[in-house]
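K.L.:
Could you have a look at this structure, given as structure tokens, before my questions?
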Amino acid sequence: MLNLILFDSEARNHLLPLTATRPMGEFRIGVLTLREKWERRLRATASYITQEYLQDKYPIRVEHENLVVNAGVVPTEALCRRIHEIGLNEALLLNGELLAARLDEAQFEALIEDEEGRELQGKELGAGIPITQIQRPWDLFLQNGPAILDDFELLAGNRMSQRVSPSNRIVGPAHKLFLEEGAKMECCTVNTTEGPVYIGKNAEVMEGSLLRGPVAVCEGATVKMGARIYGPTTIGPGCKVGGEVARSILMANSNKAHDGFLGDSVIGEWCNLGADTNNSNLKNNYSEVKLWDYEEERFAKTGLQFCGLIMGDHAKCGINTMFNTGTVVGVFANVFGAGYPRNFVPDFSWGSADSGYRTYRFSEACETAELVMARRNKPFSDLEKAVLLHIFEQTARFRTWEK
């Protein structure tokens, strides 16, 4: 099988806090992660070139022949056909930047060491193949609709859905609803007029739920009774979702289990949104939304009128939390109390708008992570702890109260 190595693009630092805990290839968009898409389309097994502190958790595998690909590009059938045409020690460029290359071990080592490979020939991709790149956090929810459509065809196009119970009401083409083995759905209304609805293996959509495609409910996820899910929305593996959700992505193992609105947002892994948490996705004056950029250390223009909440892994918020338009919440932030939190809540913060913030002590955070992950039968490993310690130390400059 082809040895695939995915590398983070220069956009990685603009995608924090979502990339703090993962390489870009682990982003979930549509049904699958970017890595899973590349592996399926290229018939390959993937590893990563990523940040040094993440490399032990995501080890690289180098073989005699290696296909190196920009992980921030969303794969398509046409693009993968072009990549398959690349010869050994040839490269495919996108606007002068490396998109993909087929390298032997020597050329790969030269690439890693930032040396020029004398035998490496670069060719521009050209304008004939459209390219979608993930370069800012909002690209994830903006591109989620096409990604769900592509993944639906990839996963369900040539297969038969599990039986759909007659207790459900289907509006639109019935073949655009697909249930994997073990999926449960009773007494729900599903509208496939605007896009497909995919229900993953052992996922459950409880009674009274309303789903309007394109929607992906991934493996082992739960949609609670009476939920209203507007597409394009992805509910990642192991997530629990209730209330109202629109145009959002929950990566995996996160909970928004109760009433409240989540819109135009991206939620990382192991997050929990307390009951009746709401986020604004539109400013009262309808003006452009700005979003905190870790790389630029300022609020950057998004060009968007609708932009909600970006939440890093392990972040939590208390009941009745109100997030303002364009809010970024860092890794392991714990937000609660009355009033609107700041539009940027730094990593490992603990507190509220009214009482102020303190630092979430690292030992306390690790204890919480171990308890949370144990509920899903996942170990809190030394590798996880080392990653979080690096994030804790590197983000201290944003916790201004420590100075």
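K.L.:
Which condition breaks for Ala100 when tested against (1) crowded, with 21+ Cβ neighbours inside 10 Å; (2) closer than 23 Å to Thr234 by Cβ; (3) hydrophobic (A, V, I, L, M, F, W, C)?
P.N.:
All conditions are met except number (2).
K.L.:
Being crowded, with 21+ Cβ neighbours inside 10 Å and over 27 Å from Ser209 (Cα atoms) is true for just one of Ala365, Ala353, Ala315, Ala338. Which residue is that?
P.N.:
Going through Ala365, Ala353, Ala315, Ala338 in turn, just one is crowded, with 21+ Cβ neighbours inside 10 Å and over 27 Å from Ser209 (Cα atoms): Ala365.
K.L.:
Out of Ile199, Ile148, Ile170, I need the residue that is modelled with pLDDT of 95 or more, within 20 Å of Val266 (Cβ to Cβ) and assigned by TED's automatic domain parsing to the domain that holds Leu262. Which one? Explain how you work it out, then say what you get.
P.N.:
Numbers: Ile199 fails: within 20 Å of Val266 (Cβ to Cβ); Ile170 fails: within 20 Å of Val266 (Cβ to Cβ).
Result: Ile148 is the single residue among Ile199, Ile148, Ile170 that is modelled with pLDDT of 95 or more, within 20 Å of Val266 (Cβ to Cβ) and assigned by TED's automatic domain parsing to the domain that holds Leu262.
K.L.:
Let me ask you something else. How many residues does region 334-362 hold that are assigned to a loop (DSSP other than H, G, I, E, B) and within 25 Å of Asn284 (Cβ to Cβ)?
P.N.:
Here the count works out to 10.
K.L.:
Output the number of residues of region 301-312 satisfying the condition of being surrounded by fewer than 24 Cβ atoms within 10 Å (Cβ to Cβ) and either polar (S, T, N, Q) or touching a residue at least 60 places away in the same chain (Cβ under 8 Å) (or both). Before the answer, list the steps.
P.N.:
Residues of region 301-312 surrounded by fewer than 24 Cβ atoms within 10 Å (Cβ to Cβ): 301-306.
Within this subset, residues satisfying the condition of being either polar (S, T, N, Q) or touching a residue at least 60 places away in the same chain (Cβ under 8 Å) (or both) are 302, 304-305.
Residues meeting the conditions: 3.
K.L.:
Follow-up question, since we're still on this one. If you take the residues of region 320-331 that are assigned to a loop (DSSP other than H, G, I, E, B) and in contact (Cβ under 8 Å) with a residue 60 or more places away in the chain, which of them is surrounded by the fewest Cβ atoms within 10 Å (Cβ to Cβ)?
P.N.:
Gly330
Per-residue answers, yes or no, for (1) in the same structural domain as Ser9 (by TED's automatic domain parsing); (2) crowded, with 16+ Cβ neighbours inside 10 Å; (3) closer than 30 Å to Phe392 by Cβ:
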| position | (1), (2), (3) |
| --- | --- |
| Asp56 | yes, no, yes |
| Val74 | yes, yes, no |
| Arg81 | yes, no, no |
| Ile86 | yes, yes, no |
| Asn95 | yes, no, no |
| Phe108 | yes, yes, no |
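K.L.:
List the number of the failed condition for Leu383; all other conditions in (1) over 23 Å from the mean Cα position of the chain (by Cα); (2) surrounded by fewer than 17 Cβ atoms within 10 Å (Cβ to Cβ); (3) not basic (Lys, Arg); (4) not in a loop (DSSP other than H, G, I, E, B) hold.
P.N.:
Looking at each condition in turn, Leu383 falls short on (1).
K.L.:
Among the numbered conditions (1) surrounded by 19 or more Cβ atoms within 10 Å (Cβ to Cβ); (2) over 22 Å from the mean Cα position of the chain (by Cα); (3) over 23 Å from Lys224 (Cβ atoms), tell me where His175 comes up short.
P.N.:
(1)
K.L.:
So which strands (runs of 3 or more DSSP E) stay within region 213-289 end to end and still have 1 or more residues that are among the aliphatic types (A, V, I, L, M), outside the structural domain of Glu26 (by TED's automatic domain parsing) and within 18 Å of Asn191 (Cα to Cα)?
P.N.:
215-217, 228-230, 233-235, 244-246
K.L.:
Looking at region 210-226 only, could you name the residues that are out of contact with any helix residue (DSSP H, G or I) (no Cβ under 8 Å at 6 or more places or on another chain), of a type in the set (Gly, Ala, Ser) and crowded, with 24+ Cβ neighbours inside 10 Å?
P.N.:
Once the filter is applied, which keeps residues that are out of contact with any helix residue (DSSP H, G or I) (no Cβ under 8 Å at 6 or more places or on another chain), of a type in the set (Gly, Ala, Ser) and crowded, with 24+ Cβ neighbours inside 10 Å, region 210-226 yields only Ala221.
The values are calculated or read from the model by the stated rules, or taken from the named source; none is laboratory data. Since the model is a prediction, treat every value here as computed from it, not as a measurement. Virtual Cβ from ideal backbone geometry, glycine too; neighbours counted across all protein chains shown.
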